[in-house]
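Below: one structure, written as structure tokens.
The values are calculated or read from the model by the stated rules, or taken from the named source; none is laboratory data. Values in this document were obtained by computation on a predicted structure and should not be read as measured data. Cβ placement follows ideal geometry from the backbone for every residue including glycine, while neighbour counts extend to all protein chains displayed.
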């Protein structure tokens with residue numbers, strides 16, 4: 001049997017000292033590589049001939065070690081095929097214990113978690129064609145490390161698109177391409193270190209609070225009601241992070257007067273507004289609201305991403321910065337963003353493919369939202385006018401999650417800055433449903449689920465809704 005198929009593979013192996021000879025040492029080294037995760041299930045190993053040559057061992061010694069590891073369940077070998085790490089062997093496992101280790105819990109088959117689009121609808125053909133055209137036209141310099149702001153082709157295409165579609169006043173020279181919004185927020189927080197506190201909506205994405213804390217910023221909660229964040233800010237706040245188009249996660253749109261109030265606050269105090277426009281393109285009751293940044297480009301940072309419109313795996317986001325922030329942000333940026341994806345997105349934007357995809361997905365997600373609302377019946381929901389998720393109020397998040405046996409759901413609890421009460425309608429408090437009617441501040445918290453209706457593939461959407469309704473059971477708070 002020829003083993004040329006593996007002749008070019010490298011495997012780093014330190015033969016540990018100890019009794020048992022060279023074969024036993026090789027067995028121990030491969031076991032440790034599997035247990036600590038350096039070799040993962042399905043990884044291919046070098047042929048016995050190649051590994052014996054690299055380690056200075058007899059080929060028979062390597063073959064015997066492979067056979068022993070196969071008998072123990074670490075490796076799999078089939079005639080005419082390469083030897084691989086056995087499927088189901090996870091880092092830290094000791095398969096020689098006869099399966100006494102507790103198996104890892106199975107991932108739910110269905111998911112309605114928020115923050116993920118329908119990646120099955122990614123425009124693969126259009127993307128491949130855009131990448132081909134971009135590569136054909138790209139100069140050699142595009143394949144070398146370049147401007148830390150990102151490729152000029154993408155910055156120019158974004159300036160045109162954001163101005164037309166989102167009302168952003170964008171100078172390509174003041175656009176910085178980053179690896180998604182997470183990196184963009186981290187860059188801004190580093191640039192703001194030592195200037196004061198950062199106000200963040202309550203509730204908001206917990207990971208964003210963690211990013212601010214990691215940069216040394218103190219986070220101040222900013223109460224939210226049905227009209228978005230309430231512009232009541234302490235004096236020591238240096239910047240405020242907002243999701244004005246569709247508050248995440250409760251879903252309100254920032255009212256016009258509040259937009260003006262936040263901008264006026266930033267002008268008066270020399271502070272900053274960070275506008276997170278994470279799903280601003282997806283509005284279903286009317287034309288999408290324009291970006292807040294257009295009111296004052298010198299006081300508002302506009303942050304966008306392709307994660308919701310295309311796919312999170314692209315890791316493409318952008319910051320439209322006031323001029324005074326450009327150098328501090330670039331100084332905090334450790335490296336440049338990969339160029340090929342930038343070139344493809346620039347081509348997709350310039351050729352109209354991005355607009356066509358967004359319009360197509362806007363209709364698809366609206367259809368999904370309507371189907372979800374129909375299945376929820378009279379249960380109270382928040383944030384239905386836009387975005388890729390809704391919040392469903394429940395009496396007990398824990399009870400619903402316990403009934404969701406094969407469905408991944410996201411509770412609202414982690415989004416609050418402070419611990420929410422265990423159930424709505426506690427003594428002396430108004431029912432949480434009045435949040436949408438009386439515009440009460442939401443900072444005290446209430447129980448709910450953040451339902452992402454974009455995530456399931458088309459064939460699994462109906463089953464996901466059925467599983468959700470079953471999990472909700474009698475959890476209606478009507």
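Out of 394, 329, I need the residue that is in contact with a helix residue (DSSP H, G or I) (Cβ under 7 Å, 6 or more places away or on another chain), surrounded by 15 or more Cβ atoms within 10 Å (Cβ to Cβ), in contact (Cβ under 8 Å) with a residue 60 or more places away in the chain and not assigned by TED's automatic domain parsing to the domain that holds residue 251. Which one?
Just a single option satisfies the conditions, and that option is 394.
Among the candidates 314, 321, which residue alone is modelled with pLDDT of 95 or more and over 21 Å from residue 229 (Cα atoms)?
321
Please find, among 207, 191, the residue that is without any contact (Cβ under 8 Å) to a residue 60 or more places away in the chain and under 24 Å from the mean Cα position of the chain (by Cα).
207
Identify, from the list 226, 313, 215, 303, the residue that is over 20 Å from residue 359 (Cα atoms) and without any contact (Cβ under 8 Å) to a residue 60 or more places away in the chain.
Every option except 215 fails the conditions.
Looking only at residues in region 130-169 that are without any contact (Cβ under 8 Å) to a residue 24 or more places away in the chain and farther than 28 Å from residue 329 by Cα, which one is surrounded by the fewest Cβ atoms within 10 Å (Cβ to Cβ)?
Looking at the filtered set, the residue picked out is 136.
Residue check: is residue 142 assigned to a helix (DSSP H, G or I) and under 26 Å from residue 321 (Cα atoms)?
Judged against the criteria, residue 142 is a match.
Quick one: residue 172 ticks every box in (1) within 20 Å of residue 304 (Cβ to Cβ); (2) crowded, with 19+ Cβ neighbours inside 10 Å; (3) touching a helix residue (DSSP H, G or I) at 6+ places or on another chain (Cβ under 7 Å) except a single one, so which number is it?
Here residue 172 clears every test but (2).
Can you give me the ranges of the strands (runs of 3 or more DSSP E) entirely in region 157-249 with at least 2 residues that are closer than 23 Å to residue 387 by Cβ? Spell out the reasoning first.
Values: elements: 175-178, 197-202, 219-225, 237-242.
In region 157-249, 197-202, 219-225, 237-242 are the strands (runs of 3 or more DSSP E) which contain 2 or more residues that are closer than 23 Å to residue 387 by Cβ.
Listed residues 350, 346, 371, 404; which is exposed (fewer than 15 other Cβ atoms within 10 Å of the Cβ) and in contact with a helix residue (DSSP H, G or I) (Cβ under 8 Å, 6 or more places away or on another chain)?
Details: 350 fails: exposed (fewer than 15 other Cβ atoms within 10 Å of the Cβ); 346 fails: exposed (fewer than 15 other Cβ atoms within 10 Å of the Cβ); 404 fails: exposed (fewer than 15 other Cβ atoms within 10 Å of the Cβ).
Criteria check complete, one pass: 371.
Answer with yes or no whether residue 363 is touching a strand residue (DSSP E or B) at 6+ places or on another chain (Cβ under 9 Å), without any contact (Cβ under 8 Å) to a residue 60 or more places away in the chain and not in a strand (DSSP E or B).
no
Starting from region 59-85, take each residue that is on the phi > 0 side of the Ramachandran plot and assigned by TED's automatic domain parsing to the domain that holds residue 29 and list its partners that are assigned to a helix (DSSP H, G or I) and modelled with pLDDT under 85, counting only C-beta distances under 7 angstrom and pairs at least six apart or across chains.
From residues that are on the phi > 0 side of the Ramachandran plot and assigned by TED's automatic domain parsing to the domain that holds residue 29, the pairs are 73/95.
Yes/no per residue for (1) under 27 Å from the mean Cα position of the chain (by Cα); (2) surrounded by 23 or more Cβ atoms within 10 Å (Cβ to Cβ); (3) at pLDDT 95 or above:
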| residue | (1), (2), (3) |
| --- | --- |
| 261 | no, no, yes |
| 269 | no, no, no |
| 273 | yes, yes, yes |
| 277 | yes, yes, no |
| 287 | yes, no, no |
| 291 | yes, yes, no |
